[in-house]
Ligand SMILES: [Zn+2]
């Protein structure tokens, strides 16, 4: 059982990466190592496991057995403590040129252990234009032992000049059955719950895991899915929009506050609180104020992004619901993501035409675009719920 066996439903990509890791080992041993290259782009829909695949590949490059999954090296990669692996995880909405330049400098250093030096750049599509240009120069002329692993939803999310210099690894949406199997075997989720969580998450492994293990997440999802059937009048639409945004606020706050507290405590420790016994202020005078401000800015940016991600996940649930409605309207023999809400699907299907349903799906997609263009969430969501209104229900 190696690191690539953990990738769910990605047999093809795993095969490519296995061969590349073998070629990489050959290259380090002085051989030709054709099939190994210095810049990789991992793409795939959300939840397909881009970062997991990149991490598995990193482990395979470091591990003497090319990713056995159980040696010290593999373990270090898994927990992020390998000295030659640098993981970049943009916390805000974008990753700037200053951070990128610093990263490139670190990436150019000689490997501590004499093998590869690997940079795993999660959400590389968040790199700004300036950052992308800096990155391009770095991957155009990589130091002989440096390997870049960039992750992005699709190749189109990266500058074409970067994309053309990377070998693209395409991950696919894992089949529902594969996701259910993983939940049942690795997380001990009862098979029935595993199957329904996998179906609801439509191949998004992390989301399926959360739905299977977290009752609160299941409840929030139910809240979102009950929205369409409630949208009979304008008042209901406005109220539903308010509820959706408020729930997103709460969920984002729950996610970020834990991270914030830990980071702030860490920074306070660095800048003297505790060591002087005089609290934070004395420490701040010694240069911590800038760092604290910097951290607060980053935390604010992360909160915005998290809230946006939470709303986006809710909108995707709604898209899936209307897609089910459309399937019912056409009598299409496909797996329904919301098979457990069959009566509601039927009611929505009966009270509208397929054209209405398509128009509603468009309205949700428009809302997603508006949110990613920084439109006020309350306004964007309200415009959407008004478009979803169905007085014939
Ligand atoms: Zn290993």
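The values are calculated or read from the model by the stated rules, or taken from the named source; none is laboratory data. Quick caveat, the model's predicted, so the values are computed rather than measured. Here the Cβ positions follow ideal geometry from the backbone for every residue, glycine too, while neighbour counts run over all protein chains shown.
Things to note:
- The residues of the stretch 158-183 that are in contact with a strand residue (DSSP E or B) (Cβ under 8 Å, 6 or more places away or on another chain) and surrounded by 15 or more Cβ atoms within 10 Å (Cβ to Cβ), listed by number, are 158, 162, 163, 165, 166, 168, 169, 170, 171.
- Within the stretch 43-55, considering residues that are away from the ligand (no atom under 13 Å from the Cβ) and touching a strand residue (DSSP E or B) at 6+ places or on another chain (Cβ under 7 Å), the one nearest to residue 175 (Cα to Cα): 44
- The stretch 182-242 holds helices (runs of 4 or more DSSP H) entirely within its bounds, and those carrying 1 or more residues that are farther than 18 Å from residue 320 by Cβ map to 191-201, 205-213, 215-225.
- The set of residues in the stretch 333-375 being more than 27 Å from residue 245 (Cα to Cα) and modelled with pLDDT under 95 consists of 333, 334, 335.
- Count of residues meeting criterion [more than 18 Å from residue 36 (Cβ to Cβ) and touching a strand residue (DSSP E or B) at 6+ places or on another chain (Cβ under 7 Å)] in the stretch 105-139: 13
- Selected residue (criterion: surrounded by the most Cβ atoms within 10 Å (Cβ to Cβ)) from residues of the stretch 78-88 that are closer than 20 Å to residue 37 by Cβ and within 16 Å of the ligand (Cβ to nearest atom): 84
- Scan of the stretch 61-77 for residues that are closer than 19 Å to residue 121 by Cα and more than 7 Å from the ligand (Cβ to nearest atom), ordered by number: 61, 62, 76, 77
- Whether a residue is over 30 Å from residue 103 (Cα atoms) and crowded, with 18+ Cβ neighbours inside 10 Å was assessed, and residue 194 passes this test.
- Meets criteria (surrounded by 15 or more Cβ atoms within 10 Å (Cβ to Cβ), within 30 Å of residue 196 (Cα to Cα) and touching a residue at least 24 places away in the same chain (Cβ under 8 Å)) for residue 151: yes
- Residue identified as within 27 Å of the chain's Cα centre (by Cα), more than 30 Å from residue 89 (Cα to Cα) and surrounded by fewer than 18 Cβ atoms within 10 Å (Cβ to Cβ) among 346, 309, 339, 324: 339
- Unique residue being over 27 Å from the mean Cα position of the chain (by Cα) and over 24 Å from residue 391 (Cα atoms) when the list is 354, 377, 333: 333
- Whichever residue in the stretch 89-115 is under 22 Å from the mean Cα position of the chain (by Cα) and in contact (Cβ under 8 Å) with a residue 60 or more places away in the chain and, among such residues, is farthest from the ligand (Cβ to nearest atom): 93
- Residues of the stretch 1-19 that turn out to be within 14 Å of residue 55 (Cβ to Cβ), in a helix (DSSP H, G or I) and within 16 Å of the ligand (Cβ to nearest atom), as a count: 6
- The stretch 74-88 residues that are in contact (Cβ under 8 Å) with a residue 24 or more places away in the chain, paired with ones that are within 13 Å of the ligand (Cβ to nearest atom) and assigned to a loop (DSSP other than H, G, I, E, B) (beta carbon under 7 Å, 6 or more apart): 74/63; 74/67; 74/68; 84/115
- Given (1) surrounded by fewer than 19 Cβ atoms within 10 Å (Cβ to Cβ); (2) modelled with pLDDT of 90 or more; (3) away from the ligand (no atom under 16 Å from the Cβ), index of the condition residue 40 fails: (1)
- Sole residue being on the phi < 0 side of the Ramachandran plot, within 16 Å of the ligand (Cβ to nearest atom) and touching a strand residue (DSSP E or B) at 6+ places or on another chain (Cβ under 6 Å), chosen from 58, 22: 58
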